[in-house]
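Scroll down for the structure; my scribbles are underneath it.
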Amino acid sequence: MFRFEDPIYLWLLLLIPLLAIVRLISLRSKRKKLKRLGDPELLSQLSPDVSKVRPAVKFWLLEAALALIVVMVARPQMGRQINSDKREGIETIIAMDISNSMLAQDVTPSRLEKSKMMVEDLVDHFNQDKIGLIVFAGDAFVQLPITSDYISAKMFLQNIDPSLIQTQGTDIGQAIDLAMHSFTQDAKTGKAIIVITDGEDHEGGAEEMAKKAHDAGINVYILGIGDPKGAPIPIGNGQYMKDKSGNTVMTALNEDMCKKVAAAGKGVYIHVDNSGIAEEQLDNELDKLQKGEINNVVYSDFDEQFQAVGILVILLLVIEVLVFETKTEHRKRKLL
């Protein structure tokens, strides 16, 4: 298993495209100044030792070295020792609605952020269980395959954002179907699908899928988040989403639909508000599930890999020094 001990430093990789943009702007400014001096072809003939390629090569070598330095600071590690143990627990797949309506702030700080906080709280209560993450809007995909690695679960959770799915809508049926096929094949372990949604723009088919999940022995929990009275959708800078007529779009929790889906799957509906009651209800419901034997494979020891990255950095810097900016610079150095 490969991981970064300090992944937060990877944000520094944003400097790479930023520096490239700065260089591009600088080159355009330089070309404009040269055009003012005279014909570009004539200037090129007057400067036969000037290379257009070599400065670019040197720049990209430095960019590559900088990127590797950032990777090195983030401390890449490779799992060395594997421990396998057996525990008693359940398997839970979280299906999280990430449609734009989940940005509404009728639940503090927003429906989406509140959902993340709930899942993080749930993970903190897990001890010998497995968890997987699915995100959905008009489409659905697996964000994190089912695992016992709670640290990875929290990392993947923080990266969830509406921009992950371009197709808008709320296809709960597809999310439940995908979740049903994301569990292990262990029939003795209690399985739960937790759908967190505001139910708006419902695509249909959710009740049928919830029933199929129940028939397969999977418990379905629907967590309806938001206010049935509705709230605007913020788009930044104090502005709210508007329709084609210029009216502010209001998004409301479709509580009736959520209750119907839960009833179809013989499951439980829980309303999520600004209190902590929903978390308590969900924990109590999950405690009722049958505990089964779960095999866990855990990397207990990791080796640092920054040394290999450091060698690559040194190699790139050496090559950068050996590449001269002009075509004749090596001849001048020989004469000296």
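The values are calculated or read from the model by the stated rules, or taken from the named source; none is laboratory data. These numbers come from a predicted model, not from an experiment. Neighbour counts are summed over all protein chains in view; Cβ atoms, including those assigned to glycine, are modelled from backbone coordinates with ideal geometry. Heavy atoms of the whole protein, side chains included, go into the accessibility calculation; ligands, DNA and RNA do not. Shrake-Rupley method; radii C 1.70, N 1.55, O 1.52, S 1.80 Å.
Pull up all non-local amide H partners of T170: gap of 5 or more, or a different chain, and H-to-H distance under 5 Å with H placed in the peptide plane.
E203
With a 1.4 Å probe and all protein chains left in place, how much of the accessible area of the range 143-254 comes from carbon and sulfur atoms, in whole percent?
Percent of accessible area from carbon and sulfur atoms in the range 143-254: 50.
Assuming R0 = 35 Å, can you tell me the calculated FRET efficiency for the pair I235 and D303, based on Cβ-Cβ distance, to the nearest 0.05?
Plugging the Cβ-Cβ distance into 1/(1 + (r/R0)^6) gives 0.15.
Of K116/K266; K154/K188; K244/K266; K116/K288; K114/K288; K242/K266, which ones are farther than 31 Å apart at the Cα?
Result: K244/K266; K242/K266 exceed 31 Å.
Report the accessible area of S152, computed with a 1.4 Å probe over the heavy atoms of all protein chains in place, in Å² rounded to the nearest 10.
20 Å²
Using modelled backbone amide H atoms (1.01 Å from N, in-plane), which distant-in-sequence or interchain residues come within less than 5 Å of V272's amide H?
Long-range HN contacts for V272: G224, I225, G226.
Is any residue of the range 252-274 close enough, with backbone N under 18 Å, to a label point placed 7 angstrom from the Cα of E285 along the Cα-Cβ axis, and if so, which?
253-274
5 Å is the cut-off here: which amide hydrogens, built 1.01 Å from N in the peptide plane, fall below it relative to L253, excluding neighbours closer than 5 in sequence?
Hits under the 5 Å cutoff: D227, K229, G230.
Can you work out the PRE-style zone for Q158? Point 7 Å along Cα to Cβ, and I want the residues of the range 108-144 with backbone N under 14 Å.
Answer for the range 108-144: 117, 120.
Could you tell me the calculated FRET efficiency between A187 and I25, based on Cβ-Cβ distance and R0 = 51 angstrom, to the nearest 0.05?
So, using R0 = 51 Å, E works out to roughly 0.25.
For the range 137-144, in order, what is each residue's ³J(HN,Hα) by Karplus, 6.51 cos²θ - 1.76 cosθ + 1.60 with θ = phi - 60°, in whole Hz (x at glycine and Pro)?
Result, rounded to whole Hz: 8, x, 9, 9, 8, 7, 7, 8.
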